[in-house]
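Worksheet: the structure to be examined is printed underneath.
Quick note: the coordinates plus some simple rules give every number you see, no bench work behind them. Since this is a predicted model, take the numbers as computed values, not measurements. Counting neighbours? That spans all protein chains shown, and the Cβs are built from the backbone with ideal geometry, glycine included.
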Amino acid sequence: MQRIYNWLDERLDLSPIWRDIADHEVPEHVNPAHHFSAFVYCFGGLTFFTIVIQILSGMFLTMYYTPDIVNAYNSVKYLQTEVAFGYIVRGMHHWGASVVIVMMFLHMLRVFFTGAYKKPREMNWVVGVLIFAVVLGLGFTGYLLPWDNKAYFATKVGLEIAETVPIVGPYVKSFLAGGDIVGAATLARFFAIHVFFLPGLLLLLLAIHFILIRRQGISGPL
Amino acid sequence: MAESASQPHFGAPDDAGGGREGEITRRQFLTYTLMGTGGFMASMLLVPPLRMAVDPLLKAGEEKPFVPVADVNEITDEPKRFEFTLKINDAWVKNQATTYSAWVYKEGSEIVALSPICKHLGCTVNWNASPEHPNMFYCPCHGGLYTKDGINVPGTPPRAPLDLYEVKVEGGKLYLGPLIQRT
C-alpha cells in the first residue's frame, strides 16, 4: 500500500493536494477531544457526510427506478421487495433525507448561536442559506418519485402552496407541474430536477461553502 | 493493510513508548484501529448498494416451459418460421407477453426447431434471405451463414451452431421447450 502510494506520489506529487484538503489545524475550541461540548462543530461535517450517503445511495437507486407514471411505483416496489439489499439502499436514502435536514438545521443553529456568521463570514452564511433551499428542494422533488398516494398528495399540496405566492404563483405551479395536473410531465421533471439540476447546484454551492471556510478560517472561540 | 508495518509515515519509531523489537507502537495500534473502524464504516455504506447493483447476476434464471407452436402437419422439409408467445417477468413488468420464434422443418421423421438468434452477436437469421447463399440461414448484420441444420459456415462470423429448441409432439401439436446449446 505504502509502496503504491509512494510510486504515485513521486510521479503525481499527491502529498500537497492531500495536505491542502485535509491536513490543517483544528483549533482547540472546536475539538471535542479538548472540550466535549465542541461536538456542536461537527454538524456541518455530518451534514456533508449524510449528503455523500444520499448521493451514493441515490445513484444506485436510479439503476432500478423508472420516472414514469405506469412504472414508477412498480419499479420502487420491485427494488424494495425483490432486489437483494434494495430495501436497505432505499432505506438509506429515505432516512438519510430526513437526517440531512436535521443535521443542516443543527449546523445552522450552531453557526447562529456562536455568531459565526458575522464579518467576514456573511457571504458564507448566504451560501449556506442557498444550500438550505436546495436541500429542501431535493426533499420536495424526491418525495414525489415513489408515485404512491402520499407522494401524489404531498406534491399537490406543495404545488398549491407555491400557487399562493402573489403574481408569480400560478406560473411557478405550472412550471413545476409541467402542465395542469400532477401527472406524467410532473414526475419526469421532478426526477430531472431531483437527480440532475439540484445535485449539480448543490455540489457547486458546497464547493463555494468549503472554499470560503478554508479562506476565512473557523471563527474564534466564544 | 498489513504491509504498513514499515510505514515511515505513521509508524515513526521515536514516538509513543514501547519500542521493543517486534512490538507495534501505540501510534501503529491507533492507526490500525482507526483504519479498521473507518474501513468498517465505509463498507457499511458501500456493501448494500453494491450488492443491490449486482443482484441481477446472482438471480436464478426462469425455466422456460413447453408451449404449443404449430400443428405437426404444417411442418415440411423446408424451414418455416413459427412464432409463439411466452409470458415472462421482466423485472417489475410482470407476465409480459413476449414473442419468440423458431425455424422448424422435418428431417426424415424428426422435427428440428432452430433458434433464429445468430450466435455471432444476437441478430435474427433468416432462411434463404441472401440471393448469393441459397438454402442457408443468413444473418443480415454481419453476413453470418449457417447450413440448413444450423451449423455455422467456417469463414463467416459466427463461432457456434444455432441453438436447438427441445421438441415434443403431443396430439398432433408441436411443443417447443428450453434451448439446447451446441458447440
Inset, instruction - Could you calculate the FRET efficiency of A:Lys156 with A:Leu206 from 1/(1 + (r/R0)^6), where r is the beta carbon distance between them and R0 is 25 Å, rounded to 0.05? - result: 0.20
Inset, instruction - Mind pulling the angle between the C-alpha long axis of helix A:86-113 and the longest principal axis of chain A? Nearest 10 degrees, somewhere in 0 to 90. - result: 60 degrees
Legend entry - 4 °C / 1.567 mPa s Stokes-Einstein diffusion coefficient of the range A:55-148, Kirkwood radius on C-alpha pairs, µm²/s: 86 µm²/s
Legend entry - CD proxy at 222 nm, helix term only [per DSSP H run n ≥ 4: -39500 (n - 2.57); per residue of chain A; nearest 500]: -22500 deg cm²/dmol
Inset, instruction - May I ask for the distance between the Cα centers of the range A:72-91 and the range B:102-135, given as a whole number of Å? - result: 41 Å
Inset, instruction - Name the shape class, rounded, prolate or oblate, that the alpha-carbon gyration tensor gives for the range B:84-141, where a ≥ b ≥ c are the square roots of its eigenvalues, rounded holds for a/c under 1.5, and otherwise prolate holds if a/b is larger than b/c and oblate otherwise. - result: oblate
Inset, instruction - Apply the Karplus parameterisation 6.51 cos²θ - 1.76 cosθ + 1.60, with θ equal to phi minus 60°, to every residue of the range B:79-85 and state each ³J(HN,Hα) to the nearest whole Hz, in sequence, with x for glycine and proline. - result: x, 10, 8, 10, 9, 8, 10
Legend entry - Pair-distance profile P(r), taking every C-alpha pair of the protein assembly as shown, with 10 angstrom steps and integer %: 4, 14, 17, 17, 16, 13, 10, 6, 2, 0
Inset, instruction - Place the peptides A:120-126, A:37-43 in order of packing, highest mean first, counting for every residue the other Cβ atoms within 10 Å and averaging per peptide. - result: A:37-43, A:120-126
Inset, instruction - Give the residue from A:Gly178, A:Trp147, A:Ile167 lying farthest towards the positive end of the charge dipole for chain A; charges sit on Cβ (+1 for Lys and Arg, -1 for Asp and Glu) and the dipole is referred to the Cα centre. - result: A:Ile167
Inset, instruction - Mind telling me which of B:Asn95, B:Asn152, B:Asn135 comes out most flexible in a GNM of chain B, alpha-carbon contacts under 10 Å? - result: B:Asn95
Legend entry - Rounded tilt (10° steps) of A:2-12 against the dominant C-alpha axis of chain A: 90 degrees
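How would the range A:1-85 be classified by its alpha-carbon gyration tensor: rounded, prolate or oblate, with rounded meaning a/c under 1.5 and the a/b versus b/c comparison settling the rest? List each step's numbers first, then the result.
Details: a/c = 3.59, a/b = 1.62, b/c = 2.22.
Oblate, since a/c reaches 1.5 and b/c is not below a/b.
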Legend entry - Inter-chain Cβ neighbour average for residues B:52-58, partner chain, 10 Å: 5
Inset, instruction - Can you grab the distance from the C-alpha centre of the range B:136-155 to the C-alpha centre of the range B:44-79, Å, no decimals? - result: 25 Å
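For the range A:40-216, what is the charge dipole size about the Cα centre, in debye to the nearest 20, if Lys and Arg each add +1 at the Cβ and Asp and Glu each add -1 at the Cβ?
Details: 12 positive and 7 negative charges, 145 e Å.
Here the range A:40-216 has a charge dipole of around 700 debye.
What's the ranking of B:62-69, A:72-79 by average number of surrounding C-beta atoms within 10 Å, highest first? It would help to have the intermediate numbers written out before the result.
Working: B:62-69: 13.2, A:72-79: 19.8.
Packing order, densest peptide first, comes out as A:72-79, B:62-69.
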Inset, instruction - Please say if the range A:7-164 is rounded, prolate or oblate, where rounded means a/c under 1.5 for a ≥ b ≥ c the square roots of the C-alpha gyration tensor eigenvalues, and otherwise the choice is prolate for a/b larger than b/c and oblate otherwise? - result: oblate
Legend entry - 0 to 90° range, to nearest 10: angle between helix B:26-53 axis and chain B longest Cα axis: 20 degrees
Legend entry - Alpha-carbon spread of the range B:67-180, three principal axes, descending order, Å: 39, 39, 22
Legend entry - Computed [θ] at 222 nm, deg cm²/dmol, chain B (DSSP H ≥ 4; -39,500 (n - 2.57); rounded to nearest 500): -6000 deg cm²/dmol
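For the range A:144-197, compute Rg over Rh where Rg is the Cα radius of gyration and Rh is the Kirkwood radius from the inverse mean 1/r over Cα pairs. Walk me through the intermediate numbers first.
On the way: Rg = 10.8 Å, Rh = 11.2 Å.
That ratio equals 0.96.
Within chain B, which is the longest segment that contains none of the trypsin sites (Lys or Arg not before Pro) sitting in a DSSP loop with at most 16 other Cβ atoms within 10 Å? Could you put the intermediate results ahead of the total?
Working: sites that count: B:Arg20, B:Lys59, B:Arg159, B:Arg182.
Of all site-free stretches, the longest is B:60-158.
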Inset, instruction - Give B:Lys64/B:Lys106; B:Lys87/B:Lys119; B:Lys64/B:Lys94; A:Lys156/B:Lys94; B:Lys59/B:Lys94 a once-over and call out the pairs whose C-alpha atoms are over 18 Å from each other. - result: B:Lys64/B:Lys106; B:Lys87/B:Lys119; A:Lys156/B:Lys94
Legend entry - Phi-based couplings in Hz for the range A:59-74 (Karplus 6.51, -1.76, 1.60; Gly and Pro marked x): 4, 6, 5, 5, 5, 10, 6, 10, x, 8, 5, 7, 9, 4, 4, 5
Legend entry - Separation of alpha-carbon centers, the range A:205-222 and the range A:120-162, rounded to whole Å: 25 Å
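With +1 assigned to the C-beta of every Lys and Arg and -1 to the C-beta of every Asp and Glu, and no other charges, what is the dipole magnitude of the range B:67-180 about the Cα centre in debye, to the nearest 20? Don't skip to the end; give the middle numbers.
Numbers: 10 positive and 13 negative charges, 68 e Å.
The dipole of the range B:67-180 has a size of about 320 debye.
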Legend entry - Peptide A:190-202, shielding by other chains (average Cβ, 10 Å cutoff): 0
Inset, instruction - Using a 10 Å cut-off on Cβ to Cβ distances, tally the other chain neighbours for every residue of A:46-58 and report the average as a whole number. - result: 1
